[in-house]
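The values are calculated or read from the model by the stated rules, or taken from the named source; none is laboratory data. Quick caveat: nothing in here was measured; it's all calculated off a predicted structure. All Cβ positions, glycine included, derive from the backbone under ideal geometry; neighbour counts span all protein chains shown.
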Amino acid sequence: MVRVSRSVRDLAYKVLQSKEKLTKENGKEPTVDEIAKDLGVDREEVVVSLDAIQDPVSLQEPVYNDGGDSIYILDQIKDKKNTDEMWTENLTISEAMKKLSDKEKMIIDKRFFLGRTQMEVADEIGISQAQVSRIEKGALEHIRRLYK
């Protein structure tokens, strides 16, 4: 359960009242910017306050059922980047990194996670590009031996 502060809930109800008032005055639904201006608050505060009073929905909630298999909310928001396989790969990489020396960890981190070139890494840590290459190669070989 998530607790929403009283001030956020109060703002949400003011937003709803403002929305209703502006709809009656203008004959159309107001934009978030119009509501924010009416209340004298930031646009983001309006959005956050309205999100905060929404009832939570289960990811297992069916959104469609044709008598056979149901389609659930979880099926509609599938994340192709953060899959179970990616999660286990990240765990494996994290465990492998723990087995490297501090210098190897630093070089692998800068090269593969921060996207630096060998020359940039060499300049940053004060060694030659050839040394960076040698340390990187050794670290990767160490990781390969651990997980073959």
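For segment 135-145, the criterion of being touching a helix residue (DSSP H, G or I) at 6+ places or on another chain (Cβ under 6 Å) and surrounded by fewer than 14 Cβ atoms within 10 Å (Cβ to Cβ) is satisfied by no residue at all.
From the list L140, L146, L100, the one residue that fits, being touching a His at 6+ places or on another chain (Cβ under 7 Å) and modelled with pLDDT under 95, is L100.
With in contact with a Lys or Arg (Cβ under 6 Å, 6 or more places away or on another chain) and of a type in the set (V, I, T) as the only criterion, which of V32, V4 stands out?
Exactly one residue qualifies, and that residue is V32.
Within segment 70-98, the set of residues being under 17 Å from R144 (Cβ atoms) and surrounded by 13 or more Cβ atoms within 10 Å (Cβ to Cβ) comprises T92, I93, A96, M97.
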